[in-house]
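Beneath this line is the structure, given in structure tokens, with notes to follow.
The values are calculated or read from the model by the stated rules, or taken from the named source; none is laboratory data. Remember, it's a predicted structure, so these values are computed and weren't measured experimentally. For neighbour counting, all protein chains shown are included, and Cβ atoms are generated from backbone atoms with ideal geometry for every residue, glycine included. Just the protein is used for accessible areas: all its heavy atoms, side chains included, with ligands, DNA and RNA removed. Shrake-Rupley method; radii C 1.70, N 1.55, O 1.52, S 1.80 Å.
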Amino acid sequence: MHRSNSDENPTNTTIPASPQNNTKKLPTHVFGLQLRTNEFPHHPNHIVRLNNGSFGACPHSVLLKQQQQQHEWMLNPDVVWPKLTDLMIPSRIAVGEIIAADMEDVVLLDNITVASSMVTNETWMQFMSLDNGSGTVGVILTNNFTYRAVQNAVDHVCHYSGGRIVSEKVTIPFPLHSNSDILTAYQTKLEELQSANRVLLLAIIDHVSSLPSILFPIEELVQKCRGFGFRRVYVDGAHSLGTVRSLDVPAIGADYYAGNVHKWMMAPTAAAFFWTNKRHSGTQENSNGTKLHHPIVSHNYNQGLAEECAMLGTRDYSAMIVVRDAIDFYQSLGDGDGDAVYQRNHNLVMQAATKLTESWGTTIGTPPTMATTMIMVGLPECFGNDWERSRWLKRRLFEEYTIVVQYFFPTEERLWLRLSAAVYNYLEEFDVLGNAVLELMKTLDDG
């Protein structure tokens with residue numbers, strides 16, 4: 001049976017409290033299908049969207065704000081152009097407020113890929129300028145779940161360093177039983193690197209990894225990498241804004257932190273933020289004569305990172321300008337409490353994961369405390385455990401059931417599905433997924 005076209009939605013379905021927090025007051029604002037009808041009319045009604053984690057979704061009211069900015073530009077770009085830096089200040093302030101940081105330490109970017117190129121390029125230039133032909137080898141540390149685009153930025157500088165900088169990876173197991181699994185994996189790798197007598201340049205750590213989706217014990221990992229002598233620590237927080245409760249970026253203790261605003265905070269595509277520790281921000285050069293620069297060199301080069309990022313030539317800056325509006329919208333859903341929105345989405349994804357694993361006879365890939373508004377759910381073993389079968393299953397689910405999900409992460413035993421629960425999702429949509437998988441299982445048995 002394919003997806004029903006019924007518009008019935010018990011949006012008031014009671015969602016049990018999360019094991020993470022049993023006392024959190026849930027927002028009174030309406031979610032699910034009614035919110036989708038009101039604020040996401042641009043979403044096709046027949047598609048079950050369970051993959052907010054990949055690209056996010058922007059509400060209609062924020063899109064109208066963006067269109068207004070675009071219209072003003074088209075009316076008279078000569079008037080808007082000189083104001084671009086000032087137009088982004090309210091958005092920088094809003095990001096600073098929601099991550100507990102000063103606006104001066106926050107700049108706006110397109111996405112995490114830009115931030116990663118910025119950090120890896122600076123690491124490369126700094127090391128090569130200080131090396132003086134000594135022949136020492138520098139290390140950039142990632143892990144086996146580092147996002148591909150971020151790893152590519154690392155591989156790029158390693159290649160052009162002529163072997164003077166190398167990439168090392170922490171091997172994290174999956175599925176996971178506790179934070180100790182990650183901490184032990186890092187401890188083992190850091191001890192190995194310490195004994196190798198290399199220069200520990202940069203550690204790149206996920207806050208919430210993409211695939212598989214895991215909430216990392218970020219403060220402990222940053223402290224651990226610093227304790228073993230890494231010069232810089234950069235946190236990839238692509239999924240963190242809106243999926244991590246009470247995000248306090250300065251308290252994490254990293255040198256650099258980047259996060260998307262267009263995923264879970266519902267800004268238009270594309271908008272992200274980049275935070276730098278105060279010792280690295282501003283216009284002052286580092287002691288070796290290098291400093292952070294936007295990868296695109298343009299009009300405001302060498303005028304400070306905020307100025308460089310605010311003017312990169314003729315392009316559409318409207319998504320960044322309306323970040324303030326997107327954050328205001330998100331906060332309003334929780335009656336002024338953004339954490340309440342997170343809690344609602346987390347509870348929904350946990351309830352959905354429980355139903356699916358019971359129906360399929362499988363398990364979740366992490367404890368609830370290591371899940372956010374995304375979680376990994378095991379698929380029945382009959383679907384195999386390789387990327388080819390993963391692509392086959394994703395295609396079948398969309399073409400036959402109009403269900404959009406992320407690729408299925410393979411391990412030795414099975415494929416794992418990443419579930420996303422956004423403000424416009426509701427429990428019955430996950431039931432559609434559950435039934436579709438059961439029907440596809442029958443086709444395998446019949447075949």
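Placing unit charges on the Cβ atoms of the charged side chains and taking the dipole of the chain about its Cα centre, the candidate lying farthest along the positive direction among 67, 106, 261 is 106. Which aspartates and glutamates does residue 442 reach when only Cα atoms under 16 Å apart count, and residues fewer than 8 places away in its own chain are ignored? Cross-link targets: 381, 400.
Below 8 Å between Cα atoms, with a sequence gap of 6+, how large is the relative contact order for the chain in percent? Please report the intermediate quantities before stating the final value.
Working: 809 pairs, mean separation 105.7, N = 447.
It comes to 24 percent, rounded to a whole number.
Give me the number: length gained by fully extending residue 354 to residue 443, i.e. 0.36 nm times residue separation minus the C-alpha to C-alpha distance, one decimal in nm. Write out the running numbers ahead of the final one.
Details: separation 89, 0.36 × 89 = 32.04 nm, distance 2.42 nm.
So the chain would gain 29.6 nm between residue 354 and residue 443.
A simple charge model with +1 on the Cβ of Lys and Arg, -1 on the Cβ of Asp and Glu and nothing else charged puts the dipole of region 132-257 at about 260 debye relative to its Cα centre. Given R0 = 22 Å, the distance between the Cβ atoms of residue 387 and residue 152 translates into a calculated FRET efficiency of 0.75.
At 222 nm, what value in deg cm²/dmol follows for the chain if DSSP H runs of at least 4 each add -39500 (n - 2.57) and the sum is divided by all its residues, to the nearest 500? Result for the chain: -13000 deg cm²/dmol, rounded to the nearest 500. Between amide H atoms placed 1.01 Å from N, distances below 5 Å from residue 198 occur with no residue 5 or more places distant or on a separate chain. The residue list 44, 120, 384 was ranked by how far each Cα lies along the charge dipole of the chain toward its positive end, using unit charges on Cβ atoms, and 120 comes out on top.
For region 60-178, with only Lys/Arg (+1) and Asp/Glu (-1) charged at the beta-carbon, what is the dipole magnitude about the Cα centre, in debye rounded to 20?
Working: 6 positive and 12 negative charges, 81 e Å.
Here the size comes out at about 380 debye.
On full extension, the segment bounded by residue 78 and residue 54 gains 5.1 nm, given 0.36 nm per residue less the C-alpha separation. Cross-link check: pairs 224/278; 169/224; 169/394; 355/394 evaluated at a Cα-Cα cut-off of 26 Å; pairs beyond the cut-off: 169/394. Pairs of Cα atoms nearer than 8 Å and 6+ residues apart set the relative contact order; for region 116-252 it is 24 percent.
Its Cα centre serving as origin, the chain has a Cβ charge dipole (Lys and Arg +1, Asp and Glu -1) of approximately 380 debye. Assuming a ≥ b ≥ c are the square roots of the Cα gyration tensor eigenvalues, decide whether region 310-391 counts as rounded (a/c under 1.5), prolate (otherwise, with a/b larger than b/c) or oblate. It comes out oblate by the Cα gyration axes.
Mind running the shape call on the chain? Use the C-alpha gyration tensor, a ≥ b ≥ c as the square roots of the eigenvalues: rounded below 1.5 for a/c, prolate if a/b tops b/c, oblate otherwise. It is oblate, given that a/c is not under 1.5 and a/b is not larger than b/c. Residues whose amide H comes within less than 5 Å of that of residue 236, counting only those at least five positions distant or on another chain, are 205, 206, 207 (H built at 1.01 Å from N in the peptide plane).
GluC sites (Glu not before Pro), restricted to region 346-447: which are DSSP loop and have at most 15 other Cβ atoms within 10 Å?
Working: sites: 358, 381, 388, 399, 400, 412, 413, 428, 429, 439; in loops: 412, 413.
Sites meeting the loop and neighbour criteria: 412, 413.
Using the Cβ-Cβ distance between residue 144 and residue 71 with R0 set to 60 Å, the FRET efficiency from 1/(1 + (r/R0)^6) comes to roughly 0.85.
Computed with every protein chain present, the accessible area of residue 139 is close to 0 Å² [probe 1.4 Å]. Mean-square fluctuations from a GNM of the chain, with a 10 angstrom spring cutoff on Cα atoms, peak among 186, 317, 160 at 160.
A full extension of the chain between residue 198 and residue 298 corresponds to an added length of 32.5 nm, given 0.36 nm per residue minus the alpha carbon distance.
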